[in-house]
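Report on one structure; see the data block that follows.
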Ligand code: ADP
Ligand code: ZN
């Protein structure tokens, strides 16, 4: 019996008379005073004599976890060096889904209801009403959790007549229809679609890279693979990096298949999660679109997996079980004997190399659908073409903005930095405002009138006087964030309709969707955005994209800095000129000769990849070598240091396996915890997991210290 706890092994239980269990069955078992959900993993180990074993309490009436599902849990656990029970917890993330669905009591806000006399509008009460003003009905427990108060507050509001009770019926999920015809495909698209269809129909494992420029019809083509899976009576899983930002994708899917897919991500309500999990396990959900965690749903018979924007770093889960969803998806497809399609206009170097060496198949879509041209990319050399002091837009970009607006078209300014200014310092003494819990500057958010830490969320008011020297009015903002660019735009183009699009200025998926629609209707002239708007949106009137600081991602010494910058800027550039009018992209940079800038300007994607691959090969770095990181953290810096040093001394070393560190992590302090890192570098053929397991066995780790293992690290912070 495997339990969803951080345990290394399965536990034995006795099966009471009259109960029949098969491997994969979901059951309730006692553990100490608690009752837990477990999964039957196999016959007992027999180490405890059967008279002393506790008995299984009951079996849940849901289909058992499949053999493939169980092997997948074990595989992920072994690869990421996470206890299997911890991985299992991701697969049984909604315990209520195991019970037969009951209608649940939920509340809506009663329109126009006034509080009765004497009813005090406390903050928690206000928060609940505000939550309900925008959103679906939710159960008292969900409301209480979201508002951070007790359920009695919700009941109080209901008794005061401010809420309308509704009974939530199980969510009805639509059934996409594969018989509906798609658009007429171009010859190239048809070839690609036929190839994918054939793979799905053959029902064998294969990994395919669907490699095509933005707007070439990759989505249209992989819809055909989904349609083929449905025709076979199987399910399809589509992973998207940020499902909450993908309203356009969902609408498009619904238009193509006549019904929306089931969604799986963190924004779902508890009832939606319960109903979706249950329906998936019974095979009633043909298509799931979701974030990383959708990989762990109980599919009875998956026919294809699609990983859209496969290069996106959002696929790496950095907390809890640390895993890369794309890589785990490939393993899932392999275990289940089904095809997986990795989709990107700028594949990860890992995937590119696998395709070049024919480990993965490759399907190419080289041109935009309907003949739309790829935008023209120009470099703006900030050393010559200088913005005025305390301003950030160069004269040539200002001119291009003027022309675009005069032509009745839209422009976007991209800066991947939220807030007003990334650093606040005192002009008198030079003091810099730093987060007390993290190695990070506090970011000024002028709209919210706060300083904020982007790592731990700490907020404090902007100081009027310098906290160090006490001078008044000397605190100055350094550098730009999107809010500051918006200020400059308002100064330059007072009549233009401009808006900021960033995750902290838009609250939730709905707000993002509204903004996207209003851009589509041309209700805005200039959009100033962060990464949120780099994602697959399609705006026909958007013809100019200005990248305020193209060098931003290149600093910091990250292994993938150049690759990521290239991918991000390429994706941002792809927003321009998607309609009939040609697009223009301007990259402001201090390093126009940098290979990333040169490749972007020349449209030479493969040249860039080749150079990057050569450098990685030379250095023995992924994908040509292997990395694994240990992050040692704790509240006591001396103890952290001591454990890190002990790990350093006990490290496995050989001619081929090298250990770097221990070194203070770049974020040496994060949320109040001190952090040291060790990095293992080994040849690609080395299995790092057994080496790390033996290594950790040699060192005593005190309970106050946490050692996280990150196999194939993507973040080096
Ligand atoms: P990608 O996923 O490669 O960025 P999309 O599939 O989103 O490309 O296609 C870009 C645009 O072109 C979309 O609006 C899509 O509907 C349209 N499109 C692509 N292929 C076709 C086709 N064969 N017929 C009609 N429209 C198409
Ligand atoms: Zn912080």
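Working note: 222 nm ellipticity from helices only, DSSP H runs with n ≥ 4, each -39,500 (n - 2.57), summed and divided by the residues of the chain, gives -9500 deg cm²/dmol to the nearest 500. For region 539-588 versus region 412-473, the inter-centroid distance based on Cα atoms is 27 Å. Any chance you could give the angle, 0 to 90 degrees and rounded to 10, that helix 270-281 forms with the longest Cα principal axis of the chain? Helix 270-281 sits at roughly 60 degrees to that axis.
Region 639-680 and region 75-144 have Cα centres lying 40 Å from one another. Seen against the Cα atoms of the chain and their longest principal axis, helix 688-697 is set at about 70 degrees. Using a/c under 1.5 as the rounded threshold, could you call region 187-365 rounded, prolate or oblate? The axes a ≥ b ≥ c are square roots of the C-alpha gyration tensor eigenvalues, and prolate needs a/b larger than b/c, oblate otherwise. Rounded, since a/c falls under 1.5.
Can you classify region 142-275 as rounded, prolate or oblate using the Cα gyration tensor, where a ≥ b ≥ c are the square roots of its eigenvalues, rounded means a/c under 1.5, and otherwise it's prolate if a/b beats b/c and oblate if not?
On the way: a/c = 2.94, a/b = 2.66, b/c = 1.11.
Prolate shape, in that a/c is at least 1.5 and a/b is the bigger ratio.
Specify whether the C-alpha gyration tensor of the chain places it in the rounded, prolate or oblate class, a ≥ b ≥ c being the square roots of the eigenvalues: rounded for a/c under 1.5, otherwise prolate if a/b is larger than b/c and oblate if not. Because its axes are fairly even, with a/c under 1.5, the chain counts as rounded. Exposure proxy ranking for 316, 399, based on other Cβ atoms within 10 angstrom of each Cβ and starting from the fewest, stands as 399, 316. Using only the alpha-carbon atoms, how far is helix 395-406 inclined from the longest principal axis of the chain? Give it as 0 to 90 degrees, nearest 10. Helix 395-406 and the main axis of the chain meet at about 80 degrees.
We did not get these values from a lab; they are worked out from the coordinates using the rules stated. From a predicted model like this one, the values you see are computed outputs, not experimental measurements. Positions of Cβ are backbone-derived with ideal geometry, glycine not excepted, and every protein chain shown enters the neighbour counts.
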